[in-house]
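Chemist: The following block contains the structure, expressed as structure tokens.
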């Protein structure tokens with residue numbers, strides 16, 4: 001991301017975390033029609049608009065971009081996480097370990113009868129992975145739901161808002177990595 005480009009301004013949005021995604025989508029679609037290369041628009045303008053939309057549509061990238069705009073620096077990724085993220089390790093680690101063991105069993109099953117014998121266990125592990133992904137998505141949504149509070153905090157006490165943004169960004173990045181790990185294992189078991 002570039003600190004010289006304000007993607008909020010690019011898409012006519014207020015510089016807040018709690019942007020209205022429906023409004024963002026409508027504005028993007030309207031502007032995209034205007035600059036689309038098939039309608040005589042410039043391809044670089046269209047690409048820039050698509051990039052702006054992808055940044056603002058993603059909560060993790062949105063918080064990082066707004067942080068860069070407000071504080072002219074990047075988020076310190078080495079800081080602490082909230083309990084919302086750290087408590088998840090105890091829930092997810094056994095599920096991931098069980099999935100890894102199941103993936104190995106599946107790889108070692110070379111004949112049809114072996115595959116049939118492990119299929120029920122594989123389905124159970126897949127269900128646990130789906131549940132784990134639901135927990136992760138719920139925690140991500142909890143952070144996104146707090147964006148309005150962070151916006152208000154920034155207006156009242158910029159330092160406090162800055163700290164909340166850092167923790168939320170680290171949590172979102174951490175949760176995104178867990179989500180990726182869960183989905184990789186899900187794909188391996190399907």
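Chemist: Does residue 154 satisfy being outside the structural domain of residue 15 (by TED's automatic domain parsing) and over 22 Å from residue 57 (Cβ atoms)?
Modeler: Criteria not met by residue 154.
Chemist: Name, by its number, the condition in (1) crowded, with 18+ Cβ neighbours inside 10 Å; (2) under 30 Å from residue 163 (Cα atoms) that does not hold for residue 71.
Modeler: (1)
To keep it simple, each residue is scored yes or no on (1) touching a strand residue (DSSP E or B) at 6+ places or on another chain (Cβ under 9 Å); (2) in the same structural domain as residue 15 (by TED's automatic domain parsing); (3) over 28 Å from residue 167 (Cβ atoms).
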| residue | (1), (2), (3) |
| --- | --- |
| 36 | no, yes, yes |
| 39 | no, yes, yes |
| 88 | no, no, no |
| 95 | no, no, no |
| 110 | no, no, yes |
| 140 | no, no, no |
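Chemist: Within region 63-73, can one find any residue that is within 29 Å of residue 137 (Cα to Cα) and out of contact with any helix residue (DSSP H, G or I) (no Cβ under 9 Å at 6 or more places or on another chain)?
Modeler: The answer is yes, given that some residue of region 63-73 is within 29 Å of residue 137 (Cα to Cα) and out of contact with any helix residue (DSSP H, G or I) (no Cβ under 9 Å at 6 or more places or on another chain).
Chemist: Hey, another quick one. State whether one or more residues within region 146-169 are within 30 Å of residue 101 (Cα to Cα) and part of a helix (DSSP H, G or I).
Modeler: Scanning region 146-169 turns up no residue that is within 30 Å of residue 101 (Cα to Cα) and part of a helix (DSSP H, G or I).
Chemist: If you take the residues of region 117-132 that are surrounded by fewer than 17 Cβ atoms within 10 Å (Cβ to Cβ) and under 18 Å from the mean Cα position of the chain (by Cα), which of them is nearest to residue 84 (Cα to Cα)?
Modeler: Taking the candidates together, the pick is 131.
Chemist: Further question: When residue 66 is evaluated against the numbered criteria (1) more than 26 Å from residue 21 (Cα to Cα); (2) in contact (Cβ under 8 Å) with a residue 12 or more places away in the chain; (3) not assigned by TED's automatic domain parsing to the domain that holds residue 181, which criterion, by number, is the only one it fails?
Modeler: (1)
The values are calculated or read from the model by the stated rules, or taken from the named source; none is laboratory data. Computed from a predicted structure; not experimentally measured. So basically every Cβ, Gly included, is an ideal-geometry build from the backbone, and we count neighbours across all protein chains shown.
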